[in-house]
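Down below is the structure, laid out as structure tokens.
What follows draws every value from the coordinates through simple rules; no lab data is involved. Because the structure is a prediction, the values reported are computed rather than measured. Quick reminder, even Gly has a Cβ in these numbers, built from the backbone with ideal geometry, and neighbours come from all protein chains shown.
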2 protein chains.
Amino acid sequence: MISVEDARAYILKHFAPLEAERVDLVDALGRVLAEDVVSPINVPPHNNSAMDGYAVRADDIRGASAQNPVRLLVVADLAAGYVPNAEVTQGTAIRIMTGAVLPPGADTVVRFEETSEAVNQKATGKGSSAVEILGAPARGANVRLAGEDIRKDQVILEKGTTLRPSEIGLLASIGAGHVAVHRRPRVAILATGDELVAIDEPLTEGKIRNSNEYANAAAVLKAGGVSIRLGIARDNVEDLTRKIRAGIRAGADLFITSAGVSVGDYDIVKDVLNAEGEMHFWQVNMKPGKPLAFGIVGGVPLLGLPGNPVSAIVSFETFARPAILTMLGKTKFARPYVQAILQERAENNAGRRNFIRVHVSRNGNGEYTATTTGEQGSGILSSITRANGLLEMPPDVLEYKRGERVKITMLDYPEE
Amino acid sequence: MISVEDARAYILKHFAPLEAERVDLVDALGRVLAEDVVSPINVPPHNNSAMDGYAVRADDIRGASAQNPVRLLVVADLAAGYVPNAEVTQGTAIRIMTGAVLPPGADTVVRFEETSEAVNQKATGKGSSAVEILGAPARGANVRLAGEDIRKDQVILEKGTTLRPSEIGLLASIGAGHVAVHRRPRVAILATGDELVAIDEPLTEGKIRNSNEYANAAAVLKAGGVSIRLGIARDNVEDLTRKIRAGIRAGADLFITSAGVSVGDYDIVKDVLNAEGEMHFWQVNMKPGKPLAFGIVGGVPLLGLPGNPVSAIVSFETFARPAILTMLGKTKFARPYVQAILQERAENNAGRRNFIRVHVSRNGNGEYTATTTGEQGSGILSSITRANGLLEMPPDVLEYKRGERVKITMLDYPEE
């Protein structure tokens, strides 16, 4: 039976970043750049003031202090966003606001705090014809140079960058209102089985609700994909064939089915998948999640997840999520992990890679602790809702002892 | 000047979870339940088989082994989803698939692997009139009991639970096609300043692009809010007043402005905010981000962020994000933190809480290391795009030494 690592590597060979699309900047949040972004401008575009104060010539204020103030004539008052209409010549200053373009002639900004404006409040403030300079900052002080943040023609963000709010802001600052990102993958989701009823249908005897469709659709959305929900296919060749073909026609980049792929199952799902495409394997050496089909159907990679809800979630996490992230252009998609102190013994006697649901929290010493979330049966969906991490036990590890430090893959980050 | 902790506590007193709305289950991903959810059914609804095998009476197979098989008459073949139309009486068995309802009379399931079906392949498989039982599992083996996952009338998820894909699946399994969650907050976003040009306008001399609107809109979206983008208000009373009133009328739950709230700024933004509402404070003892206004305008809490892009992002993170999460119903919203080895000296001589942008990664020993991302000027947006964490230095901490272990608040989890 193929190992988890080999199965994942094999499956991921069938996926690559999808083609680029240009989207509005805000819609690019969380997406991955499909091209380098080069700045057409300097940011800031001009030398400008980093402070509210007075633009001066450093030569004029040499030696200025509270005891020995230098009096300058104020020739203009300059707000951010306006172009200087005056020049700073010997013995003069221009009152300037943060962000305003440094006027010609000036090389230094003296903050209000080092002028008579601060000392006398507004006595010599806006509109005054003169100001006393009470300090002598170095030449160039409080001046932001053009291109200090970004230089014209510089690559500011490389292809492959995931866009967070700060990258969105950076792109806005250079006027990139639309950006090229890899498009979102379309994921077809089909539940199979005569035992399933839809969420809004009466639950008659012997039936269970189709929950995998919802868990899978939410997991696709969370990973950044778009789901194509195909509902339930009944265990007959006609219905299965029709719904699989519908998903292919709808432009799926990945096809996810659930149930019908176990060894003991009636062979209808398996027969239809084999008839419609070419299946490569049907089992992976893991627990839960041993039944796991992979192949190419109608040109589209298809993952046949197990029917048990917990198995389906663990298999999605292990195989479908990395495939979706790969199509989005992401290259690093390992979940974060922590080292945690196991609060009870864990055992693995299946000879498979065992994924144990755990809840991780921090103890009083700031160390992480991990507690299993009870009954680990693959039908017990409630146990995974109590979990925020997975403890993986390799096939050849039979036991972790209570108190042992173990690596936990975090599905969510532990709440602090 | 008010401390960061006091400002945050004061601001958050003005927010509470918003009213509930009923949404389609898949749209509830990431939202918070506004009511306890009680299951109307047992899950599974009936005792059923946990394996593919034969439903038998434990009394009939006592002592069965490969050497001493017990031969049973197969009276029916039962797929998942179908109701048993036969009974298991003494000396008989029903072939049963995983998930099928346990037939009357049966109390135990023997897996295929422990029957002649596995040994002889399908020689005695589906359709056979008899099977040999080669093992004697305990009474009740491989039977899932009704209500084993969820009991009828049990609270399966409590009010306040954030819905992940596994909770969505759990809710689907009990037929909860719509759920009550706290509605998403609407956040009005208004940039102010004569120096700003819109992203698609020509960048004339002295102007800079309105980037804060985009960073803020993306941050609102990422936190789970809905943004109301009001564009740019010019530094005049009429335009500011009109746009602030438009945001209030549009039903904002939180109003975010940027720029115009520094001590040295022209007083137009301050005058209009004071005229339209009641402002509570204008500064917080932090760096970057000292200019930070908070008050109530038109009945809506208003955060006046600084104009510097980095200051705006740090202030959003510190004050706006917790407010949005509170409105969504979340109660634990601290970012994850790590202990990291600081790769260079960090100093804090402002007497304020200093937020230093750092990049955290893991070294070869699995330890986290933190490196500052260069120039920390509050105008240098590119430095925050290289950061995945913030190092906070309290006002009274003047220095962290190179090699010191420091706590880093993670904006993103470090890639492994």
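Overall size of the range A:124-235 from C-alpha positions, given as principal axis extents largest first: 91, 35, 21 Å.
For residue A:407, a cut-off of 25 angstrom between C-alpha atoms picks up these lysines, skipping any fewer than 8 places away in its own chain: A:222, A:287, A:290, A:330, A:332, B:332, B:407. Averaging the sequence gap over all C-alpha pairs within less than 8 Å and six or more residues apart, then dividing by the number of residues, gives the range A:337-410 a relative contact order of 48 percent. Restricting attention to the protein assembly as shown, close to 65% of DSSP beta bridges with both partner residues there are antiparallel.
Using a simple spin-label model with pseudo-atoms 7 Å out from Cα toward Cβ, residue A:344 and residue B:14 lie 4.7 nm apart. Here residue A:397 and residue A:229 are evaluated by their C-beta separation; at R0 = 35 Å the FRET efficiency comes out at 0.35.
Note: relative contact order over the range B:48-144, using C-alpha pairs below 8 Å and six or more positions apart, is 41 percent. Under 27 Å of direct C-alpha separation, and excluding same-chain neighbours fewer than eight residues apart, residue B:152 reaches these lysines: A:207. Applying 1/(1 + (r/R0)^6) with R0 = 60 Å to the Cβ-Cβ distance of residue B:90 and residue A:332 gives a FRET efficiency near 0.45. For the peptide B:216-224, the mean number of other protein chain Cβ atoms found within 10 angstrom of a residue's Cβ is 5. Summarising the overall dimensions of the range A:48-144 from its C-alpha atoms, the Rg and Dmax are 11.5, 35 angstrom. The Rg/Rh ratio for the range B:257-416, using Cα coordinates for both the radius of gyration and the Kirkwood hydrodynamic radius, is 1.02. Qualifying trypsin sites (Lys or Arg not before Pro) in the range A:59-97, where qualification requires a DSSP coil assignment and no more than 14 other C-beta atoms within 10 Å, comprise A:62. Considered as an equivalent ellipsoid built on the Cα gyration tensor, the range B:178-301 has semi-axes of 24, 19, 15 Å, the largest given first. DSSP assigns beta bridges within the range A:48-144; of those with both partners inside it, close to 75 percent run antiparallel. For the rotation carrying A onto B, the chain A residue whose Cβ lies nearest the axis, with the distance in whole Å, reads A:413, 3.
Translational diffusion coefficient, Stokes-Einstein: compute it for chain A using the Kirkwood radius over C-alpha pairs as Rh, at 20 °C and 1.002 mPa s, and state it as an integer in µm² s⁻¹. Translational D for this selection: 82 µm²/s.
The Rg/Rh ratio for the range A:337-410, using Cα coordinates for both the radius of gyration and the Kirkwood hydrodynamic radius, is 0.95.
With R₀ set to 25 Å, the beta-carbon distance separating residue B:154 from residue B:35 gives a calculated FRET efficiency near 0.95. Across the identical copies, the 7 Å label point of residue A:129, projected outward along Cα→Cβ, sits 12.3 nm from its counterparts, in ascending order. Sites listed here are trypsin sites (Lys or Arg not before Pro) in the range B:222-280 whose DSSP assignment is loop and whose Cβ has at most 12 other Cβ atoms within 10 Å, and the list is empty.
Per residue of peptide A:80-86, the mean number of Cβ atoms on other chains within 10 Å of the residue Cβ is 5. Label point of residue A:362 (7 Å along Cα→beta-carbon): distances to the other copies' equivalent points are 1.8 nm, sorted ascending.
Each copy carries a label point for residue A:87 at 7 Å from Cα along the beta-carbon vector; from one copy to the others these points are 11.1 nm apart, nearest first. Counting only DSSP H runs of at least 4 residues, each contributing -39500 (n - 2.57), and dividing by the residue count of the protein assembly as shown, the helix-based mean residue ellipticity at 222 nm comes to -5000 deg cm²/dmol.
Here the protein assembly as shown was treated as a single set of alpha-carbon atoms; its pair distances binned every 20 Å from 0 give 14, 40, 28, 13, 4, 1 percent. Between B:89, B:371, B:257, the residue with the greatest mean-square fluctuation in the GNM of chain B (Cα pairs under 10 Å linked by springs) is B:89. Computed over all pairs of different Cα atoms, the Kirkwood value for the hydrodynamic radius of the range B:1-47 is 14.9 Å.
Counting DSSP beta bridges with both partners in chain B, what percentage is antiparallel, nearest 5? Percentage antiparallel, nearest 5: 65. Considering Cα pairs under 8 angstrom that are at least six residues apart, work out the relative contact order of chain B and quote it in whole percent. Relative CO of chain B lands at 16 percent.
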